[in-house]
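Contents: one structure, followed by commentary.
No lab work stands behind these numbers, since they all come straight from the coordinates. These figures come from a predicted structure and were not determined experimentally.
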Amino acid sequence: MDHTPDPTTAAIAIVEAYLERSMVPDPEGARAYVSDDFDITFTGGRKFTAPEETSAFNAKRYAWVKKKFLRTDAAYDPATGDVHVYNTGYLYGEWPDGTTFETNRYMDSFVVRQGQIVSTQIWNDSAEILLHKAGLAEAPL
């Protein structure tokens with residue numbers, strides 16, 4: 001019987017632990033799950049290299065924000081040993097003006113290598129929701 005741990009299961013646990021720490025927010029705790037050369041591409045193509053940078057960005061955009069996980073899926077790349085992890089769900093929280101929200105879709109993509117997150121790409125509906133609130137959306141939400 002093979003007792004080798006499944007790399008996708010381990011990578012999912014790493015990503016979900018990172019996301020949980022990020023939501024506290026606890027950027028120092030989140031840092032424990034990322035590599036020294038961590039690369040983050042946020043919605044809109046914004047580039048960051050550390051969890052504290054994304055926490056600071058979120059602090060300007062939201063009064064507070066959390067994630068409701070719907071799914072976390074992973075795929076192992078045998079050629080590189082990387083595990084690609086995809087986490088999707090809804091952001092919920094409060095805008096700076098005190099308005100609450102709960103159906104802001106998000107999708108995060110991660111690359112986990114040798115037990116650490118090396119990169120992530122983050123997408124969500126925040127910009128579309130803010131355009132709608134400002135009366136600038138091209139189509140109804």
Inset, instruction - Quick one: what are the phi-derived ³J(HN,Hα) couplings along region 120-134, Karplus 6.51/-1.76/1.60 with θ = phi - 60°, whole Hz, x for glycine and proline? - result: 8, 10, 10, 10, 7, 8, 3, 4, 5, 5, 5, 4, 4, 4, 8
Legend entry - ³J(HN,Hα), Karplus 6.51/-1.76/1.60, whole Hz, each residue of region 17-32, x for Gly, Pro: 5, 4, 4, 4, 5, 5, 7, 4, x, 9, x, 5, x, 5, 4, 4
Inset, instruction - Please list, or write none, the aspartates and glutamates whose alpha carbon is within less than 20 Å of the alpha carbon of Lys67, excluding same-chain residues fewer than 8 places away. - result: Glu16, Glu20, Asp26, Glu28, Glu52, Glu53, Glu94, Asp97, Glu102, Asp108, Asp125, Glu128
Legend entry - Helix-only [θ]222 nm of the chain, DSSP H runs n ≥ 4, -39500 (n - 2.57) each, per residue, nearest 500: -8500 deg cm²/dmol
Inset, instruction - Hey, can you grab everything whose amide H is under 5 Å from the amide H of Ser119? Only 5+ residues off in sequence or another chain; H modelled, so Pro and N-termini drop out. - result: Asp39, Val111
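Just want to confirm a number: the relative contact order over the chain, from Cα pairs under 8 angstrom separated by 6+ residues, in percent.
Values: 250 pairs, mean separation 31.3, N = 141.
Relative contact order, the chain: 22 percent.
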